[in-house]
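Here's the structure we're looking at; comments come further down.
We did not get these values from a lab; they are worked out from the coordinates using the rules stated. No experiment lies behind these values; they were computed from the predicted model shown. Positions of Cβ are backbone-derived with ideal geometry, glycine not excepted, and every protein chain shown enters the neighbour counts.
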Amino acid sequence: MDLDMKDVVALCKRRGFIFPASDIYGGINGFWDYGPLGVELKNNLRDLWWKAMVVTPPIGPDGTPVQIVGLDSSIIQNPKAWVASGHVGGFSDPMVDCRETKKRYRADHLMILKSEGDKWPSFHEESEDEEIEKRLKKLNLDTNVSNYERVNLTDLDASFYEKIIAPDTKVAGTLTEPKEFNLMFESHAGPIQSDENKVYLRPETAQGIFLNFKNVLDSSRVRMPFGIAQIGKAFRNEVNPRNFIFRSREFEQMEMEWFCHPDEVEKWRDFWFEERTKFWRAVGLASDNLQIRKHGDDELSHYAKEGLGTSDIEYKFPFTAPDFGELEGIAHRCDFDLTAHQEHSGQKLEYMDPVTQDKYMPHVIEPAAGLTRGALALICEAYTVDESRPSGVYLNFHPALAPKKAAILPLSAKEEHVGPATKLYLALREEFAVDLDIKQNIGKRYARQDEIGTPYCFTIDNDTLEDGTVTVRDRNTMAQERISMDKVADYLREKMKPVSAMKVAA
Ligand code: GAP
């Protein structure tokens, strides 16, 4: 069954996963707040990534664990760093403005319907055929889409612009020529708002890693090849933030820069590609909704020009289906960043092999994932409609990702049930995020836990008082079994295991 994003967004708000930022003021486009359950889900994904990368990094091709260290660099850096990285000059999208409506569009996202006539309607590349036909009808143009040639605006000579009808007008010739629009947010450090004090909010966490390459080498025992990992906020003044938290203006990334000898990049690119795919499968994206895609030659980033290019791990989000959207990019950044920072800073950043005395500029393989986008993929994957149960829907999170691992439910509000339930809750909460829920009838409490994706409910009833057992209800199957109260912690520990071992859950 196709998932409607409206239902996902509504559940996220209703149950406290994700709220529009500044909600009481009507929100602010491209910014989101993570509620009590959303922050738990996001932190769980963040912690599993950190564990997989920094705490217990994978075993490398030679059979020994690879070396990765962590970092938490500043969001604001010396602006010269962004000149060197190419972001001041090159981190931009081509934009066109409509003189009539004052709306702004990404030129590379606008499609034009070319015909023999002198009116060529334009539309956003994601528009459905039905929408386009409706618009053609409104404009009194031929509604048969197959009678037109589709071209991208950026492939069109500017002399044709007077024929184009902008997506939100009825008359032709209102679009300007494309202009580059830089995506970095600017601010000023200190009290004076001058160009000398201009600073940028980082558009990627990666650069903080390159800036600290020498500090890490000089202060720790890592030797080539090795990685530096970082999780944190990034900011992009996206022209069209859209699709819930998929493309936002403030988001979180999980990036690792893997430094290696230039002769070894292919080996490491393949290694990281496999490891990263394993990760996403292990945290719950095990279905056909995950796919791997190699970038085309026309998609190379400014740093990947001469490299092995980028491959993406993609997820089929409800709003991209039947197509896929990027979840993580694995790029060969060559020696672009270190060389640029060496030139601009005047500091030597080459690596000297302590054994061979060989001096070289390391090459970089970069697995760069979206943390907030990853959380969205987990929510979409988990959202399961089941009309047979009172909630009508449940979130099928892997237990290790679920915001709450279990709920402890005394059958009644009587002390004989609440007492042992509280005791179990106090013991479990030392190790697991668990809820003690006493209010309402048991059916309503199950329904609430289903909707927030709690994998197990432990119910304390009269039998508990007799034989020390509790009922475990499984969220997905709704099957119930009885286990001894003192085995509950072991039971939960066992269920978390597949993810901690980076194995796909059964
Ligand atoms: N350091 C390389 C880099 O930043 P990227 O492909 O631009 O590469 C990496 O970003 C990941 O960050 C993407 O795969 C995506 O998951 C996430 N991401 C990028 N822009 C985003 C946005 N506007 N909103 C949410 N997530 C975003």
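Figures for the structure shown
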| quantity | calculated |
| --- | --- |
| Of Lys42/Lys423; Lys114/Lys137; Lys294/Lys316, those spanning more than 19 Å from alpha-carbon to alpha-carbon | Lys42/Lys423 |
| Alpha-carbon gyration tensor eigenvalues x 5, square-rooted, for segment 350-506, Å | 42, 20, 12 |
| For segment 93-181, diffusion coefficient by Stokes-Einstein and Kirkwood Rh (Cα), 4 °C, 1.567 mPa s, µm²/s | 101 µm²/s |
| 17 Å cut-off, amide nitrogen to a point 7 angstrom out along Val355 Cα→Cβ, residues in segment 66-83 | 66-67 |
| Estimated inter-spin distance, Lys294 and Lys137, nm [label 7 Å along Cα→Cβ] | 4.5 nm |
| Note, ³J(HN,Hα) from phi for segment 108-118, Karplus 6.51, -1.76, 1.60, rounded to Hz, x at Gly and Pro | 6, 9, 9, 9, 10, 9, 8, 8, 5, x, 10 |
| Net charge, Asn396 excluded, C-beta distance under 9 Å - Lys, Arg +1, Asp, Glu -1 | 0 |
| The chain, helix-only ellipticity at 222 nm - DSSP H runs n ≥ 4, -39,500 (n - 2.57), divided by all residues, nearest 500 | -8500 deg cm²/dmol |
| Tensor-based shape of the chain (alpha-carbon gyration tensor, a/c under 1.5 rounded, otherwise prolate or oblate) | oblate |
| Centre separation in Å (Cα based) which lies between segment 163-221 and segment 420-438 | 47 Å |
| Length-normalised contact order for the chain - Cα pairs under 8 Å, 6+ apart - percent | 13 percent |
| For segment 29-43, 3J(HN,Hα) per residue [Karplus equation, 6.51 cos²θ - 1.76 cosθ + 1.60, θ = phi - 60°, Hz, x = Gly/Pro] | 4, x, 10, 9, 10, 9, x, x, 8, x, 5, 5, 4, 5, 5 |
| Relative contact order %, segment 93-181, counting alpha carbon pairs below 8 Å whose residues are six or more apart | 39 percent |
| q = 0.14, 0.19 Å⁻¹: log10 I(q)/I(0) that the Debye formula gives for segment 381-467, counting C-alpha atoms only | -0.49, -0.84 |
| Cβ-based net charge around Ala489, under 14 Å, with every Lys or Arg adding one and every Asp or Glu removing one | +2 |
| Whole-Hz couplings from phi, Karplus 6.51/-1.76/1.60, listed for segment 9-14; x for Gly and Pro | 4, 5, 5, 4, 6, 4 |
| Interchain or long-range residues, amide H under 5 Å from Tyr351's placed H | Tyr360, Met361 |
| Protection proxy ranking, peptides 400-410, 136-146, 232-242, average beta carbon neighbours within 10 Å, highest first | 400-410, 232-242, 136-146 |
| Antiparallel %, DSSP beta bridges [both residues in the chain], to 5 | 85 percent |
| Other-chain or far-sequence residues with amide H under 5 Å of Gln67's (modelled H) | Gly227 |
| Under 14 Å from Lys404, Cα to Cα: aspartates and glutamates that are on another chain or at least 8 residues apart | Glu40, Glu430, Glu431, Asp435, Asp437, Asp450, Glu451, Asp474 |
| Interchain or long-range residues, amide H under 5 Å from Ile292's placed H | Glu314 |
| DSSP beta bridge pairing in segment 395-501, given as percent antiparallel to the nearest 5 | 55 percent |
